[in-house]
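Structure first, commentary second.
The values are calculated or read from the model by the stated rules, or taken from the named source; none is laboratory data. Bear in mind the structure is a predicted one, so any value in this text is a computation, not a measurement. Using ideal geometry, Cβ is built from the backbone for each residue, glycine included, and neighbour counts are taken over all protein chains shown. Surface accessibility is based on the protein's heavy atoms, side chains included, excluding ligands, DNA and RNA. Shrake-Rupley method; radii C 1.70, N 1.55, O 1.52, S 1.80 Å.
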Amino acid sequence: MPITIDQVLARGVEQILPSKEGLKKLMQTKKIKLYLGIDPTATNLHLGHTVMLRKLQQFADLGHEAILLFGTGTVLVGDPSQRGTARKLITQTEIDQNIKTWKDQVKPIIDFNKVKIKYNGDWLLKMNLKDIIEIASKISAVQLFKREMFQRRLKLGDTVWYHETMYPLLQGYDSVVMDVDLELGGTDQIFNMLVGRELQQKINHREKFVLAGKMILGTDGQQMNKTSGNCIWLTDTAEDMFAKLMAVRDELMPDYWEFFTDKTMPKNDPLTVKKTLALEITSQYHGLNNAKVAQKHFEQTFQQKAPEYKETIKFKENLIKTLAQITASNAEAKRLIIQGAVDINNLKTTDLYAPLKIGDRLKIGQKTFVKVV
């Protein structure tokens, strides 16, 4: 069945400002213009990014003008949302590398015949001092510095850098340039999106709505992000994606069904519910046949028998040095650990320097099982 306006404005949605009723009425009277912005801070996207990507596609399926905006300008500042320290400044080479495969990664859920791609560097990098002063004159400095994460840093005696306060202005200016009716983002983006709403009102003299999607938790029950090692990456193999989904906590199943599928969670035993979900999501990114192969591999490896730790690895003083013997480089070992691909005695770790002892069992990815000797 085709998706309805009510479903689009409810499923996976935390908040709509200034009101859900106002946005619904607007959508019933005209085709609106909306956008979702993503900064290219990493080479890979994870499942958490797809909550709003799927929402963007839903609006496009209803016939509205949907834009996927790559933040090639805003990323130079770095979004300070929910960060205890400033982001490391990024180079143009890193931006180009990060964004290189993004379109391919989201193709399974985004129809680019319906969704436009834009880059905010096209206008932000052309701004002069006069332009920046004009935009800054529309927003109170007190408003920017009262931001909760800045106040928290100041109380801890940490620094808030001036360029970080510019981020909401630059993101907000995207709404003005594209002259949108609606912006999509996570709850961590509400402050930035509301600055855009204020700029839209003051410069273009019209309303802009804000739709904040619910934040998704990772495999360990903490917020999904690349630094926590709890992500399900869109670039994961079918086997890894299926296995990671099977590792998600049972209490998160209702959210995963709501955020990552268009279906209702079946009433069944927890294992069947989770296995059905893992097959559904893995199929979206790897096709049904590959998802079924991944399911069979999972069942043979983890359900029918315990894995055998026949291979051995020589003991070193910590995890990263021990693992590097298999991966052939410290960099690759570091990547695997940070992404949560390594277990010590059936417990996942993201500690690069986790201590080891003779007899410990390591699982690397979904296929490698070794014993420390």
Completion exercise
Of the conditions (1) farther than 21 Å from Leu194 by Cβ; (2) modelled with pLDDT of 90 or more; (3) open to solvent by less than 60 Å² (accessible area, probe 1.4 Å), the single one that Asp61 does not satisfy is (3)
Handout entry: Count - residues of the range 180-219 that are outside any helix (DSSP H, G or I), in contact (Cβ under 8 Å) with a residue 60 or more places away in the chain and touching a strand residue (DSSP E or B) at 6+ places or on another chain (Cβ under 7 Å)
Key = 14
Exercise for the section: Determine, yes or no, whether Arg197 is modelled with pLDDT of 85 or more and surrounded by fewer than 17 Cβ atoms within 10 Å (Cβ to Cβ). Expected result: no
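Table: residues versus (1) in a loop (DSSP other than H, G, I, E, B); (2) farther than 27 Å from Phe145 by Cβ.
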residue: Asp174; (1), (2): no, no
residue: Asn230; (1), (2): yes, yes
residue: Asp236; (1), (2): yes, yes
residue: Tyr256; (1), (2): no, yes
Exercise for the section: Provide a single number: the residues in the range 90-141 that are assigned to a loop (DSSP other than H, G, I, E, B) and either touching a residue at least 24 places away in the same chain (Cβ under 8 Å) or closer than 20 Å to Met166 by Cβ (or both). Expected result: 18
